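The values are calculated or read from the model by the stated rules, or taken from the named source; none is laboratory data. Just so we're clear, the structure is a prediction, and the values are computed from it rather than from any experiment. Don't worry about glycine lacking a Cβ; one is built from the backbone with ideal geometry, like all the others, and counts go over all protein chains shown. Side chains included, ligands, DNA and RNA excluded: accessible areas come from the protein's heavy atoms. Shrake-Rupley method; radii C 1.70, N 1.55, O 1.52, S 1.80 Å.
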Amino acid sequence: MLLSDRTGLPKPGVFERAIAATNLLRPDFAIQIGDCIEGYTHRPEQLAAEWAEFDAMTAPLEVPLFRVPGNHDVSNPTMSADWLQRYGALNYHFRFRDVLFLVLNTQDPPQRASDFAGVDQPADGEEPERELDLGKLQREHAADPRAFAKRIEVAIDSEGRQAAHLSAEQADWAAGVVREHADARWTIILMHIPAWQGGLHPGLAQIRDALAGRPYTAFAGHLHNYQRRVIDGHEHIRLGPTGGCWVTTREDGNFDHISWVTMTAQGPQIANLVLDGILGPEGGEFRPQPMFPD
């Protein structure tokens, strides 16, 4: 089971519903694709409070949880060190039922604000350390969610090249893992920022070369909008949000979901389960939530 972006101004209660739905469906394990907390802070007390909130949300989960770091989670060295203390690794791999799972850190090194489109550049060309002005963003979003989404939509080219950072060291490691597991029947590549958009990132190209034509499927998040691309015969799936705010006004690909992935002899079978439509045994009223309530 894949869970996607929770933050970037979360919609209340959505990620909690995803946890409950995952428990109902009982997958072997779940993978969260990144952006668990708002982050972008150097303050230990703020960081601890945000992780405590996320930990409380995931505490009811009844299956193992694997984690992919997102830019909101490890946006500076302080946060990266905190992640390492909590979870032990920013990039790693594991193997389950003859499938290789390769978790990449697309914040290696962490991005500066100017690496993302639509930010104001300092006049002197030097970028100062920044804290996320969460209160200001929350007020803007609460005042007019549609206008907020339109502003982000204009500022960021969601279909173009993304600021995925994969160091040469990490790419070498990943390529080595792939070669060591040449007998795996399939490889699942997991990252937060889709490194395939706008042309393959050199690090991802190196990993693909190591795969040498073997079957793989790649998953990412980051842009809060679902999209499937087939590149050289391989599926590259950009997940929609699991609670993160809408950042585009178009309806195509805009749904809060979890992704159920079943490995078959022919490869992954992917079912996107829209959270508005998953009810427990008690039933209840089915009322899909509009993107932008009037």
For the stretch 26-83, state which chymotrypsin sites (Phe, Trp or Tyr not before Pro) are in a DSSP loop and have at most 15 other beta carbons lying within 10 Å of their beta carbon.
-> 29
Value of relative contact order over the chain, rounded to a whole percent, pairs C-alpha under 8 Å and six or more apart = 21
Hey, rough spin-label estimate for residue 155 and residue 142, points 7 angstrom out along Cα→Cβ, what's it come to in nanometres?
-> 1.9
Solvent-accessible area of residue 158 with every protein chain in place, 1.4 Å probe, in Å² to the nearest 10 | 20
Excluding ligands and nucleic acids, what accessible area in Å² is computed for residue 141 using a 1.4 Å probe, to the nearest 10?
-> 40
Going from most exposed to least, what order do 185, 139, 208 have by accessible area with a 1.4 Å probe?
-> 139, 185, 208
Only one of the listed values, (1) 204; (2) 128; (3) 139, was derived from the coordinates as volume of the Cα convex hull per residue in Å³; which label is it?
-> (3)
DSSP-assigned coil residues among GluC sites (Glu not before Pro) in the stretch 176-272, each with at most 11 further Cβ atoms within 10 Å = 251
Sorted by accessible area (1.4 Å probe), largest first, how do 159, 62 line up?
-> 62, 159
Relative to the present Cα-Cα distance, how much length would full extension add between residue 180 and residue 89 at 0.36 nm per residue of separation?
-> 30.8 nm
Per DSSP H run of n ≥ 4, the term is -39500 (n - 2.57); total these for the chain, divide by its residue number, and report the mean residue ellipticity at 222 nm rounded to 500 deg cm²/dmol.
-> -8500 deg cm²/dmol
Expressed per residue, the solvent accessible area of the stretch 135-251 in Å² (1.4 Å probe) is about 42
Relative contact order computed over the stretch 235-274 (Cα-Cα under 8 Å; 6+ residues apart), in percent = 32
With +1 on each Lys and Arg Cβ and -1 on each Asp and Glu Cβ, and nothing else charged, work out how big the dipole of the chain is about its Cα centre, in Debye to the nearest 20.
-> 800
Here, chymotrypsin sites (Phe, Trp or Tyr not before Pro) of the stretch 206-294 satisfying both criteria (DSSP loop; at most 10 other Cβ within 10 Å) are 286
With a 1.4 angstrom probe the carbon and sulfur portion of accessible area for the stretch 1-115, in percent, totals 56
Could you tell me what percent of the DSSP beta bridges with both partners in the chain are antiparallel, to the nearest 5?
-> 55
